[in-house]
Structures are given as structure tokens and as C-alpha cells.
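J.: Structure below; questions to follow.
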Amino acid sequence: QVQLVESGGGLVQPGGSLRLSCAASGSIVSIGDMKWFRQAPGKERELVAAISSGGSTYYANSVEGRFTISRDNAKNTVLLQMNSLKPEDTAVYYCNAPILLFRGYKYLEVWGQGTLVTVSL
């Protein structure tokens, strides 16, 4: 069994910072690109940031320059440092990654349960 567990969400004032963490657990052989998505109320889920196993990164235009994604391959974790937060960043943030398990024959697409980030006065 494999799972992704997020932590670090909460309430923060505009201009503040939060750091989200996502840890993968299970009999893991390999993890592909690790991603952070978010879904605001009444909106579709959107890709916020992604990072390859080699460290190449992608950011949505809306968060470029404010958010930083990083990963620790040895610990099977991915972080999202969020600075200069805006009310429009309010959403449930989800971690996602394709994961190859021991004795598995294909990568499984795994999602975390989500963590709520609220940016408000």
C-alpha cells in the first residue's frame, strides 16, 4: 500500500508564508514527477508546481516568483514554500505523484488527502 500525506496548511494573513510538506510511504522503488495541485471552492483543480526527480521545476504563472517547490528523494518528500500569499491562493492543496512499488509492474498515480490553506485577515 502506498500513500501521500500532506501537512502544513492553515490560516495565514495576506503577505504571509506557509510551507506545505508531502511524504510518500510504502514499499517504494521510484517516484516520478512530484506535483502540487490546488482546488478553490467552485473552481477546477489546477496544477500549481511540479518537480522532476532530477530537480527540474515548473510553476503556474499565478505563483511564479512566490512559491518554491523542492524534494528530498532520499526521504520521498516534496515541499512547497509559499511566500507573499494572497487571498486568491486560498484552496485545498493536493500532493500528487506517479509511484512505482516494489514488485510493481507500472507506476501508480497517487493523490494525497489534501490540506486546506486559507489566506485571510
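The values are calculated or read from the model by the stated rules, or taken from the named source; none is laboratory data. Predicted model only: the values in this text are computed from it and were never measured. No Cβ is skipped: glycine too gets one built from the backbone with ideal geometry, and neighbour counts run over all protein chains shown. Quick note on the areas: whole protein, heavy atoms, side chains included, nothing else; ligands and nucleic acids left out. Shrake-Rupley method; radii C 1.70, N 1.55, O 1.52, S 1.80 Å.
J.: Add +1 for every Lys or Arg and -1 for every Asp or Glu among the other residues with Cβ under 13 Å from the Cβ of LYS43, and state the total.
T.: That works out to -2.
J.: A further question on this structure: Amide H neighbours of LYS86 under 5 Å, at least 5 residues apart or on other chains, H built in the peptide plane: list them.
T.: GLY15
J.: Now for a separate question. Of all beta bridges DSSP finds with both residues in the chain, what is the antiparallel percent, to the nearest 5? Mind dumping the intermediate values first?
T.: Values: 40 of 43 bridges.
DSSP beta bridges in the chain are roughly 95 percent antiparallel.
J.: Still on this structure, I have one more. What longest region of the chain stays clear of chymotrypsin sites (Phe, Trp or Tyr not before Pro) that DSSP places outside H, G, I, E and B and that have at most 13 other Cβ atoms within 10 Å?
T.: Result, exposed sites excluded: 1-101.
J.: Also, I was wondering about something else. Check which residues have an amide H placed less than 5 Å from VAL110's amide H, if you skip close sequence neighbours.
T.: ALA97, ILE99
J.: Okay, next question. Which order do the peptides 75-88, 15-28 take when ranked by the mean count of other beta-carbon atoms within 10 Å per residue, highest first? Before the final figure, lay out the partial values.
T.: Details: 75-88: 17.6, 15-28: 16.1.
Sorting 75-88, 15-28 by mean packing, highest first, produces 75-88, 15-28.
J.: Rounded to whole Hz and in sequence order, give me ³J(HN,Hα) for region 98-111 from the Karplus expression 6.51 cos²θ - 1.76 cosθ + 1.60, θ = phi - 60°, writing x for Gly and Pro.
T.: Using θ = phi - 60°, the values come out as x, 10, 9, 9, 4, 6, x, 10, 8, 6, 9, 8, 10, 10 Hz.
J.: Dipole size in debye (nearest 20) for the chain around its Cα centre, Lys and Arg Cβ +1, Asp and Glu Cβ -1?
T.: Approximately 200 debye in magnitude.
J.: Another question, then. Would you work out what percent of the accessible area of the chain, with all protein chains in place, is carbon or sulfur (probe 1.4 Å)?
T.: On the chain, the fraction of accessible area on carbon and sulfur atoms equals 49 percent.
J.: Shifting gears a bit: Quick one: 3J(HN,Hα) in Hz for region 57-63, Karplus 6.51/-1.76/1.60 with θ = phi - 60°, rounded, Gly and Pro as x.
T.: Ordered by residue, 3J(HN,Hα) equals 10, 9, 9, 5, 4, 5, 10 Hz.
J.: Mind jotting down a quarter of the surface of the convex hull over the alpha carbons of region 36-121, in square nanometres, one decimal?
T.: Averaged projected hull area, Cα only: 6.7 nm².
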